[in-house]
Amino acid sequence: MAYLVSRYPAVSHTFILREIQGLRALGHSISTASINPPDRAPQAMEAYEKREAENTFFVKAQGWRGALAALLYWCLQSPATLYHTLRLGLRLGKGGSWFYGLAYVAEAALVARWMRQRRLQVLHVHFGNASATVGVLVKRLIGCHLSYTIHGPDEFDDVPGQHLALKMAQANDVVCISQFAKGQLMRISQPDHWAKLQVCRLGVDPAQFSYAERATAKATVELLCVGRLSSAKAQVLLVQACAQLRDEGLEFNLTLVGDGPDRGRIERAIAELALGERIHITGSLNQAAVRAHFAHADIFVLPSLAEGIPVVLMEAMSCGVPCISTPVNGIPELIEHGRTGLLATPGDVDSLTTQLRRLIQEPALRHSLAQAAHTKVLADFDLGRNVAQLSATFSAFVGAAA
């Protein structure tokens, strides 16, 4: 089977790489394709990421000559099928743009030819974005079995623009990472398609993100936030909450791991609030460096306004770092307020400050939340167990497609 991702390998998509590695270990033969090139140069990748990049088919890297060759290939192979694919692609163009529609058809032609050359009969796409649009067109060209993993929330922000109902109708199977995602897809799909939808959660390897007790008697508490620096992650609100905590006389440091479009705004907020000695931005880091930060953190904070179920929360919980987040989308399926973590009202700086103050001042609560969170991850978000569930799903429809 083939996996198609918008960008692979990528720092923010490491969980996809782990999933593929787990499936291969269970006997699946998986070839990978990526619409865009990796997000880093090879020298910035870890060894296993370099191997993935070396064996991945990069669609846009084929250039316009490759796209024309693929379109000519399908014109000679099956002109009628290409014609109907082109008509559908023009309907699916981003914002109604015929240019985007034509680009999707060209990308689908490249992926479909690559799949045929490798005799791949199943296409699995992560996310319901433009890559899923390409997946629909690949299925139109070669009649492959098409499945998705839907994460949310981005797919649900523009259901008509993403043609999400059509994608659900065209898919043979749909994996949902949360019950929330499944419910949203049920809402926009015809009931006849609900049987396609099944929940299979993401997960972490407890051996890789191992549990460790935190010291409770600390003069300065270490806060950690890992994630893309974006308005949806709301790190600016975390900076504002830190100003309130500082003014109350609480001792802490905050490390922000990640990079992104909101970095400038976050840096300005840090400067304006005179928090430069307490808050440090590292930029993007590899997994080994992130694990090192988990080892030194006392509290993990992710004040997001929109999420699926963040894998980084699972990683922190697996490592024994008590978490504060928000009850958006699928997060309450991972964090139960007061038992496996604390939840602040989304977008509310005062609520975030309250939850942070509570954990900073109550080391016993940090300890109890960390223990319960670790148990929760082992029960419901163990990578090996969840990949085995996904493997059984894939085995069923890969066998049917053979």
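Summary of values
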quantity	calculated
Those residues of segment 73-102 which are among the hydrophobic types (A, V, I, L, M, F, W, C), in contact (Cβ under 8 Å) with a residue 24 or more places away in the chain and in a helix (DSSP H, G or I), in sequence order	TRP74, LEU82, LEU88
Flag for ARG201 being modelled with pLDDT of 95 or more and closer than 26 Å to SER178 by Cα	yes
The listed residue being closer than 24 Å to HIS374 by Cβ and touching a residue at least 24 places away in the same chain (Cβ under 8 Å), out of VAL239, VAL221	VAL221
Qualifying residues in segment 96-150 (those that are among the polar types (S, T, N, Q) and more than 18 Å from HIS28 (Cα to Cα)) - the one surrounded by the most Cβ atoms within 10 Å (Cβ to Cβ)	THR133
Residue within segment 110-123 that is among the charged types (D, E, K, R) and free of Cβ contacts under 8 Å to residues at least 12 places away in the same chain present	yes
Counted residues, segment 170-203 - those being of a type in the set (Val, Ile, Thr), touching a Cys at 6+ places or on another chain (Cβ under 9 Å) and buried (at least 19 other Cβ atoms within 10 Å of the Cβ)	2
Residue that is in the same structural domain as LEU237 (by TED's automatic domain parsing), surrounded by 15 or more Cβ atoms within 10 Å (Cβ to Cβ), at pLDDT below 95 and in contact with a Pro (Cβ under 9 Å, 6 or more places away or on another chain), where the choices are ALA370, ALA316, ALA344, ALA306	ALA306
Residue check for VAL387: β-branched (Val, Ile, Thr), modelled with pLDDT of 95 or more and in contact with a strand residue (DSSP E or B) (Cβ under 8 Å, 6 or more places away or on another chain)	no
Residue satisfying all of: in segment 349-367; out of contact with any strand residue (DSSP E or B) (no Cβ under 8 Å at 6 or more places or on another chain) and of a type in the set (D, E, K, R); modelled with the lowest pLDDT among these	GLU362
Residue selected from segment 12-43 under the condition assigned to a helix (DSSP H, G or I) and free of Cβ contacts under 8 Å to residues at least 12 places away in the same chain, by the criterion surrounded by the fewest Cβ atoms within 10 Å (Cβ to Cβ)	GLN43
Given (1) modelled with pLDDT under 95; (2) closer than 18 Å to SER325 by Cα, index of the condition VAL257 fails	(1)
In segment 347-359, the residues that are surrounded by fewer than 21 Cβ atoms within 10 Å (Cβ to Cβ) and of a type in the set (A, V, I, L, M, F, W, C)	VAL349
Residue in segment 13-30 that is closer than 16 Å to ALA108 by Cβ, at pLDDT 95 or above, assigned by TED's automatic domain parsing to the domain that holds LEU120 and not β-branched (Val, Ile, Thr) present	no
Residues that are part of a strand (DSSP E or B) and under 27 Å from HIS13 (Cα atoms), drawn from segment 183-229	LEU197, GLN198, VAL199, VAL204, GLU222, LEU223, LEU224, CYS225, VAL226
Filter pass, ALA69 being under 21 Å from the mean Cα position of the chain (by Cα) and part of a helix (DSSP H, G or I)	no
Which listed residue is assigned by TED's automatic domain parsing to the domain that holds THR393, within 20 Å of the chain's Cα centre (by Cα), closer than 25 Å to CYS75 by Cα and not polar (S, T, N, Q), from VAL159, VAL105, VAL138, VAL134	VAL134
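The values are calculated or read from the model by the stated rules, or taken from the named source; none is laboratory data. If you're wondering where the values come from, they're calculated on a predicted model, not measured in any experiment. Cβ atoms come from the backbone with ideal geometry, glycine included; neighbour counts cover every protein chain shown.
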